[in-house]
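Reviewing the structure listed below.
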Amino acid sequence: MRKLIIFFVLLFVIPDVFADNGIPVLSVETNESGNQEYSITLQVLGLMTLLTFLPAIIMMMTSFIRVTVVFAILRQALGMQQTPSNQILIGLSLFLTFFIMSPIIERVNDEAVQPYISDTISVTEALNKAQIPFSEFMLEQIRESDLVLFMDLSGTEKIEEGELPPFKVLVPSFIISELKTAFQIGFLLFIPFLIIDLVIASILMAMGMMMLSPLIISLPFKIMLFVLVDGWALVVGTLANSFT
């Protein structure tokens, strides 16, 4: 029902409002070079449509995947199911993602956003220029085997040296590579906590306290170990350095 209402507003109400004010809703002009320029109203509508893809861009085309998966595995390794809460982990992941992606964001702003605001380039050129830094970032993190896999699945021909693969190949290859890297980091995080669990379980078994859960005894030791080695700084530093 909500989609029908939005569609009705876009189709009937908005055109009438702009028509009454003398502003064309859809206007396409061809300049001297042969390129087509769209009206401001259509550009704003396209921008609002692109904003709906912003969450997917943040989650699937940045360092957000690796950071969130590592934090989730770390919480599981510590044996605390709800601490820190999901909201805290997502917030920390977002700010860490913005910190890691800050050079890419600054480059997009300098090469695409500011020239578009100053009317020196068109929307299409701005989108193409904004795509290049993200493509180069993802390409640096992608494993060659994952890239070859999706190139074969999509039927993409071999690319020349220095040429960027298409987005339809880059994005899924980047996601698979990030998941693989995050699981590798998570495996290394699990080892010390697993050793503590094994030691505590062996001690309880030797003392004949088989009815007592080892997790209750090992949890304070795991928290103490994590705090003593400054675990959050080590994990966050390792994640940030893994992208350089």
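Scan segment 176-186 and tell me whether some residue there is over 32 Å from the mean Cα position of the chain (by Cα) and aromatic (Phe, Trp, Tyr).
No, segment 176-186 contains no residue that is over 32 Å from the mean Cα position of the chain (by Cα) and aromatic (Phe, Trp, Tyr).
With the requirement that a residue be of a type in the set (Lys, Arg) and not in a helix (DSSP H, G or I), what does segment 70-80 give you?
Hits for segment 70-80: nothing passes.
Pairs needed: first member in segment 140-167, touching a residue at least 40 places away in the same chain (Cβ under 8 Å) and polar (S, T, N, Q); second member anywhere, surrounded by 14 or more Cβ atoms within 10 Å (Cβ to Cβ) and in a helix (DSSP H, G or I); C-beta distance under 9 Å; at least 6 residues apart or different chains.
Cβ pairs passing all conditions: 141/66; 141/174; 141/177; 141/178; 141/181.
What are the pairs, 6+ residues apart or on separate chains, where a residue within segment 86-113 that is within 22 Å of residue 235 (Cα to Cα) has its Cβ under 8 Å from a residue that is outside any helix (DSSP H, G or I) and among the small types (Gly, Ala, Ser)?
96/63; 97/63; 100/63; 101/63
Being over 30 Å from residue 184 (Cα atoms) and either open to solvent by 70 Å² or more (accessible area, probe 1.4 Å) or part of a helix (DSSP H, G or I) (or both) is true for just one of 124, 97. Which residue is that?
The unique qualifying residue is 124.
Mind telling me which of the residues 213, 135, 154 ends up being touching a Lys or Arg at 6+ places or on another chain (Cβ under 7 Å) and open to solvent by less than 60 Å² (accessible area, probe 1.4 Å)?
The conditions single out 154.
When you go through 108, 113, 67 one by one, which is the residue that is in contact with a Ser or Thr (Cβ under 6 Å, 6 or more places away or on another chain) and either in a helix (DSSP H, G or I) or of a type in the set (A, V, I, L, M) (or both)?
67
Taking residue 177 as the residue in question, decide whether it is closer than 20 Å to residue 67 by Cα and touching an Asp or Glu at 6+ places or on another chain (Cβ under 7 Å).
For residue 177, the condition - closer than 20 Å to residue 67 by Cα and touching an Asp or Glu at 6+ places or on another chain (Cβ under 7 Å) - is met.
Of all the residues that make up segment 56-88, how many are modelled with pLDDT under 80 and either under 27 Å from residue 119 (Cα atoms) or open to solvent by less than 30 Å² (accessible area, probe 1.4 Å) (or both)?
Selection size over segment 56-88: 2.
Considering only residues that are open to solvent by less than 60 Å² (accessible area, probe 1.4 Å), over 28 Å from the mean Cα position of the chain (by Cα) and free of Cβ contacts under 8 Å to residues at least 60 places away in the same chain, which ones fall in segment 217-244?
The one that is open to solvent by less than 60 Å² (accessible area, probe 1.4 Å), over 28 Å from the mean Cα position of the chain (by Cα) and free of Cβ contacts under 8 Å to residues at least 60 places away in the same chain: 217.
Would you check if residue 129 is in contact with a helix residue (DSSP H, G or I) (Cβ under 6 Å, 6 or more places away or on another chain) and modelled with pLDDT under 85?
yes
Is it true that residue 119 is free of Cβ contacts under 8 Å to residues at least 12 places away in the same chain, exposed (fewer than 13 other Cβ atoms within 10 Å of the Cβ) and at positive phi?
Taking the combined requirement at face value, the residue satisfies it.
The values are calculated or read from the model by the stated rules, or taken from the named source; none is laboratory data. A quick note: this is a predicted structure, and the numbers were derived from the prediction, not measured. All Cβ positions, glycine included, derive from the backbone under ideal geometry; neighbour counts span all protein chains shown. SASA here: full protein model, heavy atoms, side chains in, ligands and nucleic acids out. Shrake-Rupley method; radii C 1.70, N 1.55, O 1.52, S 1.80 Å.
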